[in-house]
Amino acid sequence: MEGEEDYGFSEEEDYYYADDGDSHDGLADNDDSALQWAPPKGSTTKVITKESLLAAQREDLRRVMELLSLKEHHARTLLIHYRWDVEKLLAVLVEKGKSCLFTEAGVTVVENVDDDAPLSSSSTITCDICIEDASADTATRMECGHCFCNNCWTEHFIIKINEGQSRRIQCMAHRCSAICDEAIVRNLVSRRHPNLAEKFDRFLLESYIEDNKMVKWCPSIPHCGKAIRVEEDEFCEVECSCGLQFCFSCLSEAHSPCSCLMWERWSKKCHDESETVNWITVHTKPCPKCYKPVEKNGGCNLVSCICGQSFCWVCGGATGRDHTWSRIAGHSCGRYKEDREKQTERAKRDLYRYMHYHNRFKAHTDSFKLESKLKESILDKVSVAEERELRLKDFSWVTNGLNRLFRSRRVLSYSYPFAFYMFGEEFFKDEMTDEEREIKKNLFEDQQQQLESNVEKLSMSLEEPFQQFSQDKVMDIRMRVINLSVTIDTLCQKMYECIESDLLGSLHLGTHHIAPYKSKGIERASELSSCWNTKLGSTDEYLPSGGTSEHDRPSGSGSSDDSGCSYRKRAKKEGGGFFDLNLPAEIVDRN
């Protein structure tokens with residue numbers, strides 16, 4: 001169902017129970033706590049655009065800079081090393097101390113000013129790389145204390161940037177793991193290759209996405225140019241502002257309650273020739289000479305391959321061509337061969353099992369597509385009903401029920417690939433006994449059947465021509481849709497609880513995680529503000545792309561609100577225009 005629109009939820013979505021106590025499959029009694037209204041929470045996922053990318057990066061930079069009293073390039077080096085995981089960085093700081101934290105990340109903080117003092121203008125040094133003398137103004141000393149000529153440094157930086165290692169360029173000295181100052185890298189490279197310096201800045205900027213496990217590019221095609229940041233759990237499903245819904249963990253379509261590994265195997269199984277191979281195994285036999293599959297098209301058990309080899313269809317053994325209706329000359333295969341029979345029966349059983357789950361998966365997928373197309377016709381019914389002089393004026397129960405139908409239909413659809421692998425032998429063969437597998441399978445299928453039954457009832461109720469009915473009948477349909485919606489929501493929650501606790505939760509393998517169930521559907525990410533506080537003290541000199549500090553900015557060049565958030569956009573490269581984050585760095589460099 002990739003690319004299908006999942007109609008979002010209404011912020012005003014409410015559910016009510018009928019007063020007549022109608023019972024529905026799978027819900028014996030109604031839990032009043034499920035109906036208690038809760039105030040809406042802010043979005044826990046954020047959309048990062050090319051304008052807000054720098055602001056998002058600097059949020060984490062500021063935390064580390066203020067905590068450890070570091071310059072910006074030191075904080076960035078630390079965060080890149082720890083993959084922009086501030087919590088992990090703090091944990092290492094507490095556990096191992098600041099010295100170990102800096103050493104592991106290759107950060108050299110110079111505390112003795114004399115060691116970092118510039119070379120005397122009259123002095124010369126011998127570069128240990130090219131073994132040539134260089135004057136003080138043509139040599140550079142890094143914070144680690146190693147000094148080489150600018151030509152060698154520049155060549156080193158150019159090679160590393162072209163190799164894609166610009167995020168962590170180490171010192172050239174032997175066995176020195178210190179990371180070079182990004183301002184020095186930018187300064188030296190820009191003198192010879194300005195475009196390469198821009199590429200270096202781009203790599204540093206995109207490191208916040210490429211190296212951060214909580215931030216990923218939206219996988220839309222064509223690429224929308226946005227990234228998504230999650231705050232809590234990376235095993236979740238999100239919706240980008242472009243409308244695409246996807247699994248944040250594996251970047252494929254939203255597939256809960258399937259785990260990412262299950263969905264990857266199922267997608268491959270549905271698209272490649274694995275089941276064709278199974279069909280060939282069941283309905284053909286290999287030629288004993290050329291090993292090509294041969295299909296029998298007659299009643300005689302002596303078959304001939306296109307290569308000219310004759311063989312017995314019963315046992316697959318090579319034979320001569322002389323035969324009668326009852327036997328093949330010089331050949332007898334009446335003895336039972338258990339291994340070959342077991343192999344054929346197993347292939348046939350696996351094929352039929354796959355077809356069972358695939359047919360039901362496809363049936364609900366097709367229903368989802370058809371019901372999505374029915375949305376306009378159902379909304380037309382609402383328009384007609386609203387024009388009638390009825391006591392019932394609010395028809396939000398129709399759209400709420402429709403949204404519930406879409407979400408539950410998708411859950412039901414993906415529950416079949418989950419069951420295929422959960423109760424098969426591909427992943428959990430040694431995790432459960434046959435008896436345990438059968439018990440869990442029955443438990444899951446009971447809940448699946450209850451959900452399926454109520455989803456079909458809801459679908460039928462919404463397709464009723466209620467715009468033609470009387471007032472009382474419309475009220476009956478309304479209460480039925482509302483109660484079915486609550487019932488289905490409860491059943492979905494119970495199914496997820498069963499999967500997390502009774503099925504996956506009881507296994508030792510930790511490789512299967514599912515996105516949590518969201519009653520109101522997949523959360524739509526909100527835009528991250530592109531404002532940031534430009535007052536970073538001594539770090540202003542390290543703004544990427546030649547940015548200027550607030551102290552150096554001419555008056556009137558930008559404005560800010562009371563919170564210190566500048567309305568000025570990110571510094572542009574010369575010639576105008578932002579870096580196009582939709583393009584690879586190589587193309588930007590070439591242009």
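A short reminder: the numbers here are calculations on the coordinates, not readings from a lab. These figures come from a predicted structure and were not determined experimentally. We place every Cβ from the backbone using ideal geometry, glycine too, and count neighbours over all the protein chains shown.
Laid out as a table, the results:
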quantity: Nonlocal amide H pairs with F248, under 5 Å, H built at 1.01 Å; calculated: C236, E237, V238
quantity: Protection proxy ranking, peptides 435-448, 241-254, average beta carbon neighbours within 10 Å, highest first; calculated: 241-254, 435-448
quantity: By average C-beta atoms within 10 angstrom, highest first, the peptides 46-57, 477-488; calculated: 477-488, 46-57
quantity: Peptides 89-98, 285-294 ordered by average Cβ neighbours within 10 Å, highest first; calculated: 285-294, 89-98
quantity: Out-of-range pairs (alpha-carbon distance over 21 Å; input K441/K518; K369/K457; K381/K520); calculated: K441/K518; K381/K520
quantity: C-alpha center-to-center spacing [segment 368-429, segment 174-216] in angstrom; calculated: 48 Å
quantity: Proximal lysines to K269, defined as alpha-carbon separation beneath 21 angstrom and excluding residues fewer than eight positions away on the same chain; calculated: K348, K362, K429
quantity: Candidate lysines for bridging to K160, where Cα separation is under 16 Å - those fewer than 8 sequence places away on the same chain excluded; calculated: K199
quantity: Neighbourhood charge, 10 Å Cβ-Cβ cut-off, centred on Q467 and excluding it, Lys, Arg +1 and Asp, Glu -1; calculated: -2
quantity: Sequence-separation-based contact order of segment 352-514, relative, with Cα cut under 8 Å and 6+ spacing, percent; calculated: 31 percent
quantity: Distance (nanometres) between label positions extended 7 Å along Cα→Cβ at A173 and D502; calculated: 6.5 nm
